[in-house]
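Peer 1: Supplied in structure tokens, the structure appears directly below.
What follows is calculated from the coordinates using simple rules that are stated; it is not laboratory data. Since the structure is predicted, the reported quantities are computational estimates derived from the model, not experimental observations. When we count neighbours, we look across all protein chains shown, and the Cβ atoms used for this are built from the backbone with ideal geometry, even at glycine.
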Number of protein chains: 2
Amino acid sequence: MASAKTEIFTQEDQDLAAIAKVLSHPARVAILKILAAQNACICGEIVDILPLAQSTVSQHLKELKNAGLIKGTIDGPKSCYCINREAFEKLHGVFDSLFTSLKTDNATNCC
Amino acid sequence: MASAKTEIFTQEDQDLAAIAKVLSHPARVAILKILAAQNACICGEIVDILPLAQSTVSQHLKELKNAGLIKGTIDGPKSCYCINREAFEKLHGVFDSLFTSLKTDNATNCC
DNA sequence: AATATTTATCGTATTTGTACGATTAATCAG
DNA sequence: CTGATTAATCGTACAAATACGATAAATATT
């Protein structure tokens, strides 16, 4: 009456969860919005805007970059970050199909 | 050359991060997909499908329910869960506008 | 060259998430 | 009523995330 467990989660679910995890901190959401609103790429400006220590912001930026959501280039002693547009185009599609399938029932709900 | 920090993150960013956090575990993504695919609401079936203990699945279900992503009703000794369609309709819109604004530059990128 | 500026990294403390077994509570079947 | 089934909750162990100060590395400025 039980057994037959899937050994591990699908790659798709893992990838989706990984991206969601990156978006799961208000600071990182805020950073993305700041970068999107800025007409030029910024760096230490984010530290001035957010109520976080420089090292903490740097850590968040690193996570965003590792996830491929932002791009970064070194410009002298400063670091310049910006939104990775292409990445978000793909992500938009991924989340779109997820939400579409979740909000569309293929049967009547019981609750 | 600094100061003027925002004391706290915006409610919008906090809400978005909170939802992302719920989606940030593959088990919860998997549960949502299982519920969406099921024509009838299920309960302990999820435990049989996922490689997790009953108590762990119950914990994940609780989080999904607390976030309003699923609905649950007690049906005898069994518990019956299903996708909260309305919630995902709203969420779809929220994430849609986020991704739209993030993938649309209002200026040329520097990196 | 010496100093200041900027940012990444390191080490670490604290909090939060995750998972599990055991227990409890509720209902169902005999 | 008794025993079985189902699911929530509790307690707990362990892992991961978060935040910060201190330091290091790189480049500017004087």
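Peer 1: Can you tell me which residue within region A:23-42, out of those that are more than 8 Å from chain B (Cβ to nearest Cβ) and part of a helix (DSSP H, G or I), is surrounded by the most Cβ atoms within 10 Å (Cβ to Cβ)?
Peer 2: Looking at the filtered set, the residue picked out is A:31.
Peer 1: What single numbered condition from (1) buried (at least 19 other Cβ atoms within 10 Å of the Cβ); (2) touching a helix residue (DSSP H, G or I) at 6+ places or on another chain (Cβ under 6 Å); (3) facing chain B (nearest Cβ under 10 Å) fails to hold for residue A:57?
Peer 2: Of (1) buried (at least 19 other Cβ atoms within 10 Å of the Cβ); (2) touching a helix residue (DSSP H, G or I) at 6+ places or on another chain (Cβ under 6 Å); (3) facing chain B (nearest Cβ under 10 Å), only one is false for residue A:57: (3).
Peer 1: Run down A:72, A:93, A:68 and say which single residue is of a type outside the set (D, E, K, R), free of Cβ contacts under 8 Å to residues at least 60 places away in the same chain and near DNA strand C (Cβ under 8 Å from one of its atoms).
Peer 2: Being of a type outside the set (D, E, K, R), free of Cβ contacts under 8 Å to residues at least 60 places away in the same chain and near DNA strand C (Cβ under 8 Å from one of its atoms) holds for just one of A:72, A:93, A:68, which is A:72.
Peer 1: Considering only region A:43-64, how many residues are assigned to a loop (DSSP other than H, G, I, E, B) and in contact (Cβ under 8 Å) with a residue 24 or more places away in the chain?
Peer 2: The qualifying residues number 3.
Peer 1: A further question follows. Can we say residue B:72 is touching a Lys or Arg at 6+ places or on another chain (Cβ under 7 Å) and either among the small types (Gly, Ala, Ser) or surrounded by 15 or more Cβ atoms within 10 Å (Cβ to Cβ) (or both)?
Peer 2: yes
Peer 1: Here's something else I'd like to know. Check B:46, B:74 and return the single one that is among the aliphatic types (A, V, I, L, M) and in contact with a Leu (Cβ under 8 Å, 6 or more places away or on another chain).
Peer 2: One residue alone meets the criteria, B:46.
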